[in-house]
Amino acid sequence: MKTRDHKPKKVGLVTLGCSKNTVDSEVIMGQLKNGNVEAEHENVDGADTIIINTCGFIDNAKQESIDTILHYAEEKKVGNIESLIVTGCLSQRYKDDLSPEIPEVDKWYGTFELPQLLDKVGVDYKKELVGERQSSVAKHYAYTKISEGCDRPCSFCAIPLMRGKHVSKPIEDLVQEAKNLVRDGVKELMLIAQDSTFYGIDIYGERKLAELLDRLSDVEGLEWIRLHYAYPSKFPFDILPIMNSKPNICKYLDIPIQHISDNVLKSMRRGITKRRTEEVLDRIKSEVNNIALRTTLLVGHPGEYEQDFEELKDFVTRYEFNRLGVFTYSHEEGTHAYTLEDHVPQEIKQERADDIMDIQHHISLAKNLQLVNTTQKVLIDRIEGDNYIGRTQFDSPEVDNEVIIGIDHGYLRVGDFVNTKILEAEPFDLIAVPV
Ligand code: SF4
């Protein structure tokens with residue numbers, strides 16, 4: 001029996017979670033637009049149908065998704081909206097448990113059910129629209145998901161449960177997607193995946209990240225290409241000469257290492273040792289001049305004892321990452337780590353995360369002070385009060401440092417690059433003037 005409903009007057013799309021979810025929402029928007037359905041991202045005013053693209057990664061994210069669903073369930077109860085649809089990782093993982101609990105939700109879709117979701121709102125899924133999507137973050141930068149899913153066995157991670165096995169997108173499709181985005185005004189492209197360094201193994205039988213970077217760097221109008229989510233084990237060093245030789249590939253690499261103690265790396269099933277991790281990082285730093293390294297750490301994992309944490313603090317102090325984020329371990333059912341004892345109390349987990357960020361606070365300030373009196377090319381992202389806010393090539397949107405330029409220094413356009421002189425440094429921001 002066909003489940004197709006009538007076309008909504010307007011769809012409001014609410015996206016939670018990571019940049020990969022942002023891309024999925026942009027794809028939904030592109031399909032709806034092509035299907036002549038009015039749709040807006042985040043602005044749900046006047047929408048009779050709400051689609052929530054949820055996150056199911058860790059406790060806090062799951063709670064935020066459930067709270068958002070309950071909010072719109074209430075909106076539906078009082079008649080402010082007609083239809084409520086839920087998709088994304090939380091739905092993929094828990095729809096059977098949640099649907100009886102929240103009957104106001106008309107339909108729950110998993111992460112691989114886009115055609116069914118579109119059919120629900122009266123739109124036919126169009127494969128030929130691959131690469132066509134409606135940017136939701138900014139006009140001048142966008143994220144591109146180079147693959148879906150992950151084959152890695154990291155013990156703490158529920159993502160493979162929600163996103164399945166690693167599937168790379170063909171180079172041709174990604175190049176076309178980049179050209180479409182540049183046509184629509186994009187100058188900076190963030191390459192994202194669960195594990196970007198695994199790119200190509202499934203469809204080409206070998207790692208093809210270097211070739212992909214090379215091909216994308218030839219896309220006219222693409223001024224910055226930024227690589228995220230590199231995995232340290234079996235790192236494809238052939239991307240380094242490409243990063244060095246191509247001026248439009250940012251001297252920036254996001255490489256989550258999660259931990260450094262051999263004991264914890266083993267418990268996390270990361271497939272790499274402390275020594276090998278340091279060798280990989282040292283080689284990247286020595287082969288790409290002036291590269292900014294971002295990493296992500298996880299504290300409080302089962303098996304992390306005080307001496308392991310001391311080792312991690314020592315490593316962070318010694319390695320001086322340019323950018324660093326830290327998460328506290330979340331005991332996720334269905335993951336391998338869920339079979340281990342979650343022995344680190346939550347307040348200790350938080351204390352450890354705070355300790356790491358204290359160290360990083362000083363490192364980041366010291367590195368920013370080295371940029372004072374230098375000239376930096378800055379991409380203007382937005383205007384905030386009396387300031388233009390932008391970023392250098394060493395900073396990714398939403399997660400890294402920003403450059404603050406007073407609007408009294410003359411007219412600048414959002415989306416433009418401007419050469420600046422760095423006047424002052426703060427732990428996570430720079431103060432600059434146009435030159
Ligand atoms: S690489 Fe590990 S942490 Fe990252 S998505 Fe895959 S399983 Fe999860």
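The values are calculated or read from the model by the stated rules, or taken from the named source; none is laboratory data. This structure is a prediction, so every number in the text was calculated from the model and none was measured. Please note: Cβ atoms are built from the backbone with ideal geometry, for glycine as well, and neighbour counts cover all protein chains shown. To get the accessible areas, we keep the full protein, side chains included, count just its heavy atoms, and leave off ligands, DNA and RNA. Shrake-Rupley method; radii C 1.70, N 1.55, O 1.52, S 1.80 Å.
Consider GLU38 carefully, then state whether it is acidic (Asp, Glu), touching a residue at least 60 places away in the same chain (Cβ under 8 Å) and surrounded by fewer than 20 Cβ atoms within 10 Å (Cβ to Cβ). No, not satisfied. Go through the residues of the stretch 188-201 one by one and say whether even a single one is open to solvent by 20 Å² or more (accessible area, probe 1.4 Å), within 16 Å of the ligand (Cβ to nearest atom), farther than 17 Å from VAL27 by Cβ and not in a loop (DSSP other than H, G, I, E, B). Checking the stretch 188-201: at least one residue is open to solvent by 20 Å² or more (accessible area, probe 1.4 Å), within 16 Å of the ligand (Cβ to nearest atom), farther than 17 Å from VAL27 by Cβ and not in a loop (DSSP other than H, G, I, E, B). Remark: pairs (first residue in the stretch 337-355, loosely packed, with under 13 Cβ neighbours inside 10 Å; second residue among the acidic types (Asp, Glu); Cβ separation under 6 Å; 6+ apart in sequence or on different chains) are absent.
Total residues in the stretch 72-89 satisfying the condition of being touching a residue at least 40 places away in the same chain (Cβ under 8 Å), over 15 Å from SER25 (Cβ atoms) and assigned to a strand (DSSP E or B): the figure is 1.
Among the residues of the stretch 221-250, the ones that are basic (Lys, Arg) and either within 15 Å of the ligand (Cβ to nearest atom) or touching a Phe, Trp or Tyr at 6+ places or on another chain (Cβ under 7 Å) (or both) come to 2 in all.
ASP151 meets each of the listed conditions (1) acidic (Asp, Glu); (2) crowded, with 16+ Cβ neighbours inside 10 Å; (3) within 16 Å of the ligand (Cβ to nearest atom) apart from (2).
The number of residues in the stretch 159-179 that are assigned to a loop (DSSP other than H, G, I, E, B) and in contact (Cβ under 8 Å) with a residue 40 or more places away in the chain comes to 1.
Pairs linking a residue in the stretch 230-252 that is within 21 Å of GLN194 (Cβ to Cβ) to a residue that is open to solvent by 20 Å² or more (accessible area, probe 1.4 Å) and polar (S, T, N, Q), with Cβ atoms under 7 Å and 6 or more positions apart or on different chains, are CYS250/GLN393; TYR252/GLN393. Could you tell me whether the stretch 18-25 includes any residue that is among the polar types (S, T, N, Q), modelled with pLDDT of 90 or more and surrounded by fewer than 20 Cβ atoms within 10 Å (Cβ to Cβ)? No, the stretch 18-25 has no match at all. Restricting LYS274, LYS266, LYS313, LYS285 to those that are within 16 Å of ASP355 (Cα to Cα) and either open to solvent by 10 Å² or more (accessible area, probe 1.4 Å) or within 16 Å of the ligand (Cβ to nearest atom) (or both) reduces the list to LYS313. The set of residues in the stretch 215-236 that are at positive phi and crowded, with 21+ Cβ neighbours inside 10 Å contains only TYR229. Which one of these does GLU384 not meet: (1) surrounded by fewer than 18 Cβ atoms within 10 Å (Cβ to Cβ); (2) acidic (Asp, Glu); (3) closer than 19 Å to GLU426 by Cα; (4) in contact (Cβ under 8 Å) with a residue 24 or more places away in the chain? GLU384 satisfies all of (1) surrounded by fewer than 18 Cβ atoms within 10 Å (Cβ to Cβ); (2) acidic (Asp, Glu); (3) closer than 19 Å to GLU426 by Cα; (4) in contact (Cβ under 8 Å) with a residue 24 or more places away in the chain except (4).
From the list LYS139, LYS120, the lone residue that is under 16 Å from ILE28 (Cβ atoms) and of a type outside the set (Gly, Ala, Ser) is LYS120. Among the residues of the stretch 83-110, those that are buried (at least 19 other Cβ atoms within 10 Å of the Cβ), under 22 Å from LYS7 (Cα atoms) and of a type outside the set (Gly, Ala, Ser) comprise LEU84, ILE85, VAL86, THR87, VAL105, LYS107, TRP108, TYR109. Looking only at the stretch 288-310, how many residues end up being touching a residue at least 60 places away in the same chain (Cβ under 8 Å) and open to solvent by 10 Å² or more (accessible area, probe 1.4 Å)? Number of matching residues: 2. Every listed requirement among (1) open to solvent by less than 10 Å² (accessible area, probe 1.4 Å); (2) touching a residue at least 40 places away in the same chain (Cβ under 8 Å) is met by VAL182 save one, (1).
Taking the residues in the stretch 123-144 that are in contact with an Asp or Glu (Cβ under 8 Å, 6 or more places away or on another chain) and of a type in the set (Lys, Arg) as candidates, determine which candidate is farthest from the ligand (Cβ to nearest atom). Among those that are in contact with an Asp or Glu (Cβ under 8 Å, 6 or more places away or on another chain) and of a type in the set (Lys, Arg), it is LYS139.
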